[in-house]
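Novice: The structure's right below; bear with me while I get my questions together.
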Amino acid sequence: MKPLLDIQNLSINFATDEGLVHAVNDVSLQVQAGEAIAIVGESGAGKSQIFQSVMGLLTPNATATGRVDFKSNRILNKPSSVLNQLRGKHISMIFQDPMTSLNPYLRVGKQLIEVLQTHQKISTKEAQDKSMAMLHAVKLRNPEHCFKQYPHELSGGMRQRICIAMALLCEPDLLIADEPTTALDVTVQAGIMDLLKELHASKQMAIVFITHDLPLALNFCERIVVMYAGRIVETGSTQDILYASQHPYTRALLAASPQHSLNELGRFHAIDGMPPDPLIPLTHCAFKNRCNYANKQCEQQPDLLAKDDGHQLACFNPITKVL
Ligand SMILES: Nc1ncnc2c1ncn2[C@@H]1O[C@H](COP(=O)(O)OP(=O)(O)OP(=O)(O)O)[C@@H](O)[C@H]1O
Ligand code: SF4
Ligand SMILES: [Mg+2]
């Protein structure tokens, strides 16, 4: 079956005063219709920029090469006139800060109606009814009241529910959720994640969930892509990553998560050191300076190779000890 989204050999560089920032390096990944996939990694790993390029939202100093197909249509570097046919209607994105998507000067209801009428030839009354139904679907408390409010009159959690409603209005095939709960407190976060899970199941819509929180990703998604310094270092099913991960970075992320045991000093295992400077092109494994398993071979870049069905790994010395 052809994937819904097919990214092949995507690289993204940014021209800056300091030099060329190598943000994404030769990334290939596919999203199948209806699946929930997580992109996980530390800050600066390149997670967001991959999907900014899918949405045609890269900044003007960016250069993206490779190939991105959505439903078999080439979309990388296409002009807004082409991408506007897809954005909102077939692919939607929600962000960490809901105000990125909301207009502070327009009442919530008007914004929802506008989104619908941009993509569908329907009357204002019909758009109003559909918008209200969607506000109910995202379980907003008192939707009739919120419909008439300005975004700043609502809480962060309510604003994010409205963004989700807005993103789902045209029933997209793919929802990209970029750290949608990071700015929210833990109880609100849990509510939003439950809502996304429910909508994913009921609408059979594919979700790309971008996060630095591996446990959250494992709880929500069927497939996990682990990124480090602009590259995919390991990818597999949730079971592969949770019980059979072999990349030292994935193992370090698991050990750093609160679900895992504390170290002998009663602290969480932090990952020592910093990711490499993205201004410097690498010839060695990007994780080498933080890796306890590094040897001479790691002076070269490991390729991402298939281990077994769907499980891929980029490491010369995989950890085979059972988790
Ligand atoms: N407009 C820009 N100009 C220069 N460099 C940029 C620009 N946007 C992003 N970058 C760089 O690209 C790299 C990847 O950024 P990206 O936003 O994809 O990271 P991320 O994995 O989403 O991190 P975070 O978890 O912090 O959101 C980073 O080194 C970042 O500094
Ligand atoms: S290739 Fe070498 S340095 Fe890189 S993660 Fe594997 S063992 Fe560590
Ligand atoms: Mg990001």
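Novice: Specify the angular offset, from 0 to 90 degrees and rounded to the nearest 10, of the alpha carbon long axis of helix 124-137 from the longest principal axis of the alpha carbons in the chain.
Specialist: Taking Cα atoms only, the helix is inclined about 50 degrees.
Novice: Another question, if that's okay. Within a Cβ distance under 10 Å of K139, other residues only, what is the Lys/Arg minus Asp/Glu net charge? The partial results should precede the final answer.
Specialist: Details: positive: R141, R161; negative: D194, E198.
Every neighbour counted, the sum reads 0.
Novice: So what does S81 come to for accessible area, using a 1.4 Å probe and Å² rounded to 10?
Specialist: Only protein atoms counted, so the area is about 80 Å².
Novice: Next question, about the same structure. At 222 nm, what helix-only mean residue ellipticity would the chain give, in deg cm²/dmol to the nearest 500, using -39500 (n - 2.57) for each DSSP H run of four or more?
Specialist: -8500 deg cm²/dmol
Novice: How much of the calculated P(r) for region 101-169 lies past 16 Å, in percent of all Cα pairs? Don't skip to the end; give the middle numbers.
Specialist: Values: 861 of 2346 pairs.
Taking all Cα-Cα pairs of region 101-169, the fraction more than 16 Å apart is 37 percent.
Novice: Over the chain, with a Gaussian network built from C-alpha contacts below 10 Å, which listed residue (A206, A306, A177) shows the highest mean-square fluctuation?
Specialist: Its mean-square fluctuation being the largest, the pick is A306.
Novice: Be a star and scan region 204-222 for residues whose amide nitrogen sits under 18 Å from the point 7 Å along the Cα-to-Cβ vector of Q239.
Specialist: In region 204-222, the label zone of Q239 (backbone N under 18 Å from the point 7 Å along Cα→Cβ) covers 218-222.
Novice: Where does the charge balance sit around Q160 when Lys and Arg score +1, Asp and Glu -1, over other residues with C-beta under 14 Å from its C-beta? Don't skip to the end; give the middle numbers.
Specialist: Details: positive: K139, R141, R159, R161; negative: D97, D178, E179, D185, D194.
Net of charged neighbours comes to -1.
Novice: Another one. Could you check the spin-label model distance between M1 and K307? Points 7 Å from the Cα along Cα→Cβ, value in nm.
Specialist: Output for this residue pair reads 2.5 nm.
Novice: Another question about this same structure. Please list H247, H22, H152 in order of solvent-accessible area, largest first, computed with a 1.4 Å probe with all protein chains present.
Specialist: Values: H247 5, H22 45, H152 125 Å².
Greatest to least solvent exposure: H152, H22, H247.
Novice: Now for a different question. Starting from the Kirkwood Rh over alpha-carbon pairs, what translational D in µm² s⁻¹ does region 10-75 have by Stokes-Einstein at 37 °C and 0.692 mPa s? Walk me through the numbers on the way to the answer.
Specialist: On the way: Rh = 12.9 Å.
The calculation lands on 254 µm²/s.
Novice: Right, here's the next one. For K307, which sequence-distant residues (separation of 5 or more, or a different chain) have an amide H within less than 5 Å of its own amide H, given hydrogens modelled in the peptide plane?
Specialist: The list, which skips near neighbours in sequence, is Q312, L313.
Novice: Find the relative contact order for the chain and round it to a whole percent, using C-alpha pairs within less than 8 Å whose residues are 6+ positions apart. Before the final figure, lay out each step's value.
Specialist: Numbers: 608 pairs, mean separation 65.0, N = 323.
Rounded, it is 20 percent for the chain.
Novice: Return a whole-number percent for the relative contact order of region 130-274, with Cα pairs under 8 Å and 6 or more residues apart as the contact set.
Specialist: Numbers: 139 pairs, mean separation 20.3, N = 145.
Contact order relative to length: 14 percent.
Novice: Where is the GNM fluctuation largest for the chain (alpha-carbon springs, 10 angstrom cutoff): A286, A294, A167?
Specialist: It is A294.
Novice: Heavy atoms only, 1.4 Å probe, whole protein assembly: order C146, C291 by accessible area, highest first. Please list the in-between numbers first.
Specialist: Numbers: C146 0, C291 30 Å².
Of C146, C291, the descending order of accessible area is C291, C146.
Novice: Take region 111-232, compute every pairwise Cα distance, and split them into 5 Å bins from 0; I just need the percent in each bin.
Specialist: 2, 10, 20, 21, 19, 13, 8, 5, 2, 0
Novice: Could you go through region 109-117 in sequence order and give the Karplus-derived ³J(HN,Hα) for each residue, using 6.51 cos²θ - 1.76 cosθ + 1.60 with θ = phi - 60°, rounded to whole Hz, and x for Gly and Pro?
Specialist: Residue by residue, region 109-117 yields x, 4, 5, 5, 4, 4, 4, 5, 6 Hz.
Novice: In the structure shown, do any of K89/K148; K2/K288; K71/K130; K203/K321; K47/K110; K2/K197 have a Cα-Cα gap over 28 Å, and if so which?
Specialist: K2/K288; K203/K321; K47/K110
Novice: Take every Cα pair under 8 Å in region 101-169 that's 6+ residues apart, average their separations, divide by the length, and report that relative contact order as a whole percent.
Specialist: Values: 73 pairs, mean separation 30.7, N = 69.
Normalised by residue count, the contact order of region 101-169 is 45 percent.
Novice: So how far apart, in nm, are the two label points at Y293 and I280 if each is 7 Å from Cα heading toward Cβ?
Specialist: 2.4
Novice: A follow-up question, please. For the Cα atoms of the chain, what angle does the longest principal axis make with the long axis of helix 156-168, in degrees from 0 to 90, nearest 10?
Specialist: The two axes meet at around 80 degrees.
Novice: Let me ask something else. What value in Å³ per residue do you get for the convex hull of the alpha-carbon atoms in the chain? Spell out each step's value before the answer.
Specialist: Details: hull volume 48.4 nm³, N = 323.
Per-residue hull volume (Cα only) is 150 Å³.
Novice: Looking only at R159, R223, R290, which one moves most when the chain is put into a Gaussian network model with springs between Cα atoms under 10 Å?
Specialist: R290
Novice: With every protein chain kept in the model, how would you rank M1, M55 by accessible area, 1.4 Å probe, largest at the top?
Specialist: Working: M1 190, M55 10 Å².
Listed by decreasing accessible area, they come as M1, M55.
The values are calculated or read from the model by the stated rules, or taken from the named source; none is laboratory data. Everything numeric here is computed off the predicted structure, so don't read it as measured data. Here the Cβ is made from the backbone with ideal geometry for all residues, glycine too, and neighbour counts use every protein chain on show. To get the accessible areas, we keep the full protein, side chains included, count just its heavy atoms, and leave off ligands, DNA and RNA. Shrake-Rupley method; radii C 1.70, N 1.55, O 1.52, S 1.80 Å.
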